[in-house]
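Right, one structure below, let's go through it.
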Amino acid sequence: MDKLDMESVDIVDENIEKIGNLFPNVVVESENGKAIDFDLLKQELSKVVVEGNKEKYQLTWPGKKEAILTANTPTKNTLRPIREKSVDFDNTQNIYIEGDNLEALKILQNSYLNKVKCIYIDPPYNTGNDFIYKDNFSKNVNAELGDSGQIDADGNRLVSNNQSNGRFHSDWLSMMYPRLKLARNLLSDYGVIFISIDRNEVNNLTKICDEIFGENNKLGLISVINNLKGRSDSANFATCNEFLLCYSKNENFAEVSGFIVESDEIDGDYKFEDEISKYKLINLRKTGNGWRREDRPFMFYPILEKNNEFSTVLKEEYEQIYNKKENTFNDDIIKKLKEKYQANGYKFILPTDENGNYGRWRWGIDTFLNEKDINIELNQTGKICTKMRATLEDGSIRMKTAKTVWYKPEYDTGSGARLLKKLFDDKEYFDNPKSLQFISDIIKISTKANDIIVDFFSGSATVAEAILESNSIYNQSKRFIMVQLPEKCDEKSEAYKDGYKTICDIGEERIRRAAKKIKEETNADIDYGFRVYKLDSSNMNDVYYRPNDISQGQLDMFESNIKEDRTSEDILTQVILDLGLTLDLKIEEKNILNNKVYFVDENSLIACFDDKIDINIVDEICKYRPWKVVFKDSSFKYDNDKINLQERFKKLSPDTEINIL
């Protein structure tokens, strides 16, 4: 029961909450409680760096505003399909993207907004020995870096971030901040993100995640034991763990289940058995927070036991024990009732701790009365216990709550390397890949049958293999989106000599080999394929974006607003993304009146990019009642054809949205 405020609504607090839902990072602490950092809010709503300097409780660093600006700056880049690298392109729903993850996350915003259930990333740990992304270098610097091999084809670079760098932490934070901001947008209301990190940046990562996701959405900081012996090169303490940070998109909808209780655990932990199932005994008395009887008065009542049968006092007697109106307990009545029932051969049991302090039960009276005959039992010490069963009423296996310390032998640092080496014919192509079992456990507790999982630091694609394995075991259809910068392999490395020129080549081949292995071992009927896309510049010429910048004399240079080296499939992919459709939709190609016509998700989108279009094609397309249609502007020779196009759709398929390139 909630107490009435008996005052008008505090509009300021409501507005702060609304703004905080959109931009959690702008809500800060002040002398009077929560407030809005207007400098940060201005930055969120600005396309240029906004200056401002006020003292407040927050994490800041040189370059933070530029990082926010980087996240908010739109991109004209797009994705181009690579069929020759893909597996079962026409039917698969899995996606692999070659390119900078910052640009990829921007491109995915429209199509995957609020659609992703789980994100897992294993970013650079900032140890001083690994590489981090450096974004947005100027063009004159790019030319120099390109010549020296320090820059990728998309204008970004990976650089060694040594501890001697005066911006050691700042550069790492500036890399992570915009990527996490964009990642948050992709998560559904029920979505969660897991981030692996070590001690070097765990504190800073927690602080920026508190800003981006909201402090209340922090689900846990998990210590993952991955080296029981400890690392011999560690200073002071031998490091034997790293951390897994977990946040939800929305604390009210967060879904992180426990681990399935395995058969050997059932045999070891669930030692009792009745006609229903195996079970273990759990004390009915509440312990921990909220254990006192004053915390939940209706869960304080006597339990009567006689000849192994359970009951409780009469309703009118219970009402004498607890005065509902005054919210008080009558201990004298409790004493008299105890004497009465003990005189009649009953055990009179109350929820008390070892010192005799009154607590409460975990069940209310109604639940107790409904469950007492099948799920209540006295243990060997005479305590009232509930039967926790190994299987639930629907026959499913019970889940055990995930703890904040994880350890399995399979989490060992060498486990992932050994598995990957075996997959690649006993050749070692990748340093320190994540344990497959570790990733599998994350997927188990955070996803369901048809969820989308994203990893935008994909590396060797352990996440993709874990999803394929999970689908084969549980007959599910989870989908993955992997993003990886095509970082060049060392030319002296075994991988490079064997034809794997980039990290992407290794990751893609791993998925192929893992899929083949899983299919041979399980023969499961699942999606083993993946579509490969490459990050590239827009398919459209500059004239498409800035027609007013082109003089009359330059018009002959731009007969088409589409770049000459781009295919119809390239254009279709950019259109799909621009219209907010997802990359995993079924695409069919049909010939209608000698024109190539694309059907995406049946009639969700119908597109034709031929240079010359028979205007009668409109009537044929209208028969499919498409949701959206797209044509090239240059496909229509006369303005009358475009007018006719609109009129025909208005008459034959009035709900269709018409788009022109």
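The values are calculated or read from the model by the stated rules, or taken from the named source; none is laboratory data. All values reported here derive from a predicted model rather than from experimental measurement. All Cβ positions, even for glycine, are placed from backbone atoms using ideal geometry, and neighbour counts span all protein chains on display. To get the accessible areas, we keep the full protein, side chains included, count just its heavy atoms, and leave off ligands, DNA and RNA. Shrake-Rupley method; radii C 1.70, N 1.55, O 1.52, S 1.80 Å.
So here's what we get for this one:
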read-out: Single residue of K444, K448, K478 found to be over 16 Å from K534 (Cα atoms), within 18 Å of the chain's Cα centre (by Cα) and at pLDDT 95 or above; value: K478
read-out: The range 388-411, subset at pLDDT below 90, hydroxyl-bearing (S, T, Y) and open to solvent by less than 90 Å² (accessible area, probe 1.4 Å), residue farthest from T312 (Cα to Cα); value: T404
read-out: The range 433-454 residues that are in contact (Cβ under 8 Å) with a residue 60 or more places away in the chain, paired with ones that are hydroxyl-bearing (S, T, Y) and part of a helix (DSSP H, G or I) (beta carbon under 6 Å, 6 or more apart); value: K434/T462; S435/Y411; S435/S415; F438/Y411; I439/T462; I443/S470
read-out: When residues of the range 618-657 are limited to those that are open to solvent by less than 60 Å² (accessible area, probe 1.4 Å), closer than 15 Å to Y598 by Cα and of a type outside the set (F, W, Y), the one nearest to the chain's Cα centre (by Cα); value: K628
read-out: Where a residue in the range 625-652 is under 13 Å from C608 (Cβ atoms) and its partner, wherever it lies, is open to solvent by less than 100 Å² (accessible area, probe 1.4 Å) and aromatic (F, W, Y), with Cβ under 6 Å and at least six apart; value: K632/F609
read-out: Count - residues of the range 303-319 that are polar (S, T, N, Q), open to solvent by 30 Å² or more (accessible area, probe 1.4 Å) and within 17 Å of G364 (Cα to Cα); value: 1
read-out: Elements of type strands (runs of 3 or more DSSP E) in the range 595-661, at least 3 residues being under 21 Å from D90 (Cβ atoms) and touching a strand residue (DSSP E or B) at 6+ places or on another chain (Cβ under 7 Å); value: 595-600, 605-608
read-out: Residue match in the range 284-301 (condition: more than 30 Å from D441 (Cα to Cα), part of a helix (DSSP H, G or I), aliphatic (A, V, I, L, M) and in contact (Cβ under 8 Å) with a residue 12 or more places away in the chain); value: yes
read-out: Test result for V28, modelled with pLDDT under 85 and in a loop (DSSP other than H, G, I, E, B); value: no
read-out: Some residue of the range 584-593 being modelled with pLDDT of 95 or more, within 30 Å of V483 (Cα to Cα), open to solvent by less than 60 Å² (accessible area, probe 1.4 Å) and in contact with a Leu (Cβ under 7 Å, 6 or more places away or on another chain); value: no
read-out: Residue, farthest from F300 (Cα to Cα), within the range 362-376, restricted to residues that are touching a residue at least 24 places away in the same chain (Cβ under 8 Å) and in contact with a Phe, Trp or Tyr (Cβ under 8 Å, 6 or more places away or on another chain); value: D373
read-out: Residue, least open to solvent (accessible area, probe 1.4 Å), within the range 15-45, restricted to residues that are of a type in the set (K, R) and either touching a helix residue (DSSP H, G or I) at 6+ places or on another chain (Cβ under 9 Å) or over 26 Å from S188 (Cβ atoms) (or both); value: K42
read-out: Qualifying residue in the range 460-481 (condition: in contact with a Cys (Cβ under 8 Å, 6 or more places away or on another chain) and open to solvent by less than 40 Å² (accessible area, probe 1.4 Å)); value: no
read-out: Conditions (1) open to solvent by 10 Å² or more (accessible area, probe 1.4 Å); (2) more than 25 Å from L108 (Cβ to Cβ); number of the one not met by E487; value: (2)
read-out: Number of the exception - Y429 against (1) more than 15 Å from S196 (Cβ to Cβ); (2) open to solvent by less than 30 Å² (accessible area, probe 1.4 Å); (3) among the hydroxyl-bearing types (S, T, Y); value: (2)
read-out: Looking only at the range 214-231, and only at residues there that are open to solvent by less than 70 Å² (accessible area, probe 1.4 Å) and touching a Phe, Trp or Tyr at 6+ places or on another chain (Cβ under 7 Å), the one that is modelled with the lowest pLDDT; value: N226
read-out: Unique match (being out of contact with any Pro (no Cβ under 9 Å at 6 or more places or on another chain), over 21 Å from I197 (Cα atoms), part of a helix (DSSP H, G or I) and hydrophobic (A, V, I, L, M, F, W, C)) among I443, I439, I473; value: I473
read-out: Selection count, the range 514-550, where residues are surrounded by 15 or more Cβ atoms within 10 Å (Cβ to Cβ), at pLDDT 95 or above and among the charged types (D, E, K, R); value: 5
read-out: Output for the range 74-89, where each listed residue is out of contact with any strand residue (DSSP E or B) (no Cβ under 7 Å at 6 or more places or on another chain) and either of a type in the set (D, E) or open to solvent by less than 60 Å² (accessible area, probe 1.4 Å) (or both); value: T75, E84, D88
read-out: Those residues of the range 19-34 which are closer than 16 Å to K249 by Cα and touching an Asp or Glu at 6+ places or on another chain (Cβ under 6 Å), in sequence order; value: F23, N25
read-out: Residues (hydrophobic (A, V, I, L, M, F, W, C) and touching a helix residue (DSSP H, G or I) at 6+ places or on another chain (Cβ under 8 Å)) located in the range 268-283; value: I276
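Results for (1) surrounded by fewer than 17 Cβ atoms within 10 Å (Cβ to Cβ); (2) part of a strand (DSSP E or B); (3) more than 52 Å from the chain's Cα centre (by Cα), shown as yes or no for each residue.
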site: L337; (1), (2), (3): no, no, yes
site: G345; (1), (2), (3): yes, no, yes
site: G356; (1), (2), (3): yes, no, no
site: F368; (1), (2), (3): no, no, no
site: K372; (1), (2), (3): no, no, no
site: T386; (1), (2), (3): no, yes, no
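For (1) open to solvent by 30 Å² or more (accessible area, probe 1.4 Å); (2) in contact with a Leu (Cβ under 9 Å, 6 or more places away or on another chain); (3) at pLDDT 85 or above; (4) within 22 Å of D366 (Cα to Cα), each residue gets a yes or a no:
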{"position": "D233", "(1), (2), (3), (4)": "yes, no, no, no"}
{"position": "A238", "(1), (2), (3), (4)": "yes, no, no, no"}
{"position": "F253", "(1), (2), (3), (4)": "yes, no, no, no"}
{"position": "S257", "(1), (2), (3), (4)": "yes, no, no, no"}
{"position": "N283", "(1), (2), (3), (4)": "yes, no, yes, yes"}
{"position": "E294", "(1), (2), (3), (4)": "yes, no, yes, yes"}
{"position": "Y301", "(1), (2), (3), (4)": "no, yes, yes, yes"}
